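The values are calculated or read from the model by the stated rules, or taken from the named source; none is laboratory data. Note that the coordinates shown come from a computational prediction; the quantities given were computed from them, not determined experimentally. Here the Cβ is made from the backbone with ideal geometry for all residues, glycine too, and neighbour counts use every protein chain on show.
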Amino acid sequence: MEIIEIKRISIATFILLSAISFAVAQTRTWTFDDELCTYTGHYDSKKYTAKELADTYCLFRTSYYVSDKGTMEELRVRYDSVIHHVANLEIVQTNYFLQLKKDVIRYLEETAALKKAEKNAKQDVQSLITAVKEGTDARQYAVALSNGGDDLLEAYKQVVKGQMKNNSTPEYLWYNYQTTMERDDRLDLAFDYVLVYGWWNSANHLVHHITYDGKQMEQFQKLFVKVDTLDCDEL
């Protein structure tokens, strides 16, 4: 009887050690950081790969700023490249991050369309109208830019007055406006000003922007079994 009992204990111990060994083999670590701290996350390798975690981290930690310098073709290539990169990220398949990926692509596509219209404004001013919805400030500015003449100058005046409300030196803005209005090339200058500070600023508000409020990192940390804080910068 004693021999049988010992064998039972040995088998049970073997099973327990095997289970522990299997669990340890499944759990791996991945190091990441936020604005303040560096962390090591312990994750279940049966659920996610290191590649998926890295791509998911990249998804919400990238600013996605795309320069609009250069030619129209250069602008198109840059946006196409970034959109292609995001579309091919191998992220974790949670509802939250799948939706975030769609939102990032939407933001990039909408911004690219506006930037293309802005860059081509003087060659195809009608594109400024079709790029934005009816009933918006951006559409009104687009119409003024298209009409030119007095409509454009009136829009220029309204943009400057709007800026003066939140500027520490409104008199300086008004002085620049009056100086511009005395120039022979005032229509060209007004066009450039209204395009950027009127049309673009208003159109940009219509874009599907993403609020980065810490929720992305919060959701990312939930992917791990445990997260250890390695180091934090002093505040």
The lone condition residue 101 fails out of (1) among the charged types (D, E, K, R); (2) surrounded by 13 or more Cβ atoms within 10 Å (Cβ to Cβ); (3) touching a helix residue (DSSP H, G or I) at 6+ places or on another chain (Cβ under 8 Å); (4) more than 30 Å from residue 220 (Cβ to Cβ) is (4)
Of the conditions (1) at pLDDT 95 or above; (2) within 20 Å of the chain's Cα centre (by Cα), the single one that residue 72 does not satisfy is (2)
Restricting attention to the stretch 83-128, the residues that are farther than 15 Å from residue 207 by Cβ, polar (S, T, N, Q) and part of a helix (DSSP H, G or I) number exactly 4
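Would you confirm whether or not the stretch 151-166 contains a residue that is touching a helix residue (DSSP H, G or I) at 6+ places or on another chain (Cβ under 9 Å), part of a helix (DSSP H, G or I) and basic (Lys, Arg)? Steps first, please.
Step one: filter the stretch 151-166 for residues touching a helix residue (DSSP H, G or I) at 6+ places or on another chain (Cβ under 9 Å), giving 151-164.
Next, only the ones that are part of a helix (DSSP H, G or I) stay: 151-164.
Now narrow it down to the ones that are basic (Lys, Arg): 157, 161.
Yes - at least one qualifying residue is present in the stretch 151-166.
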Over the stretch 12-59, the set of residues more than 30 Å from the chain's Cα centre (by Cα), modelled with pLDDT of 50 or more and either assigned to a helix (DSSP H, G or I) or within 30 Å of residue 82 (Cβ to Cβ) (or both) is 13, 24, 25, 26
Checked pairs for the stretch 214-235, first at negative phi and part of a loop (DSSP other than H, G, I, E, B), second charged (D, E, K, R) and surrounded by 11 or more Cβ atoms within 10 Å (Cβ to Cβ), C-beta under 7 Å and 6 or more apart or across chains, list as 225/44
Going through the stretch 180-206 in order, the residues found to be within 27 Å of the chain's Cα centre (by Cα), part of a loop (DSSP other than H, G, I, E, B) and surrounded by fewer than 15 Cβ atoms within 10 Å (Cβ to Cβ) are none
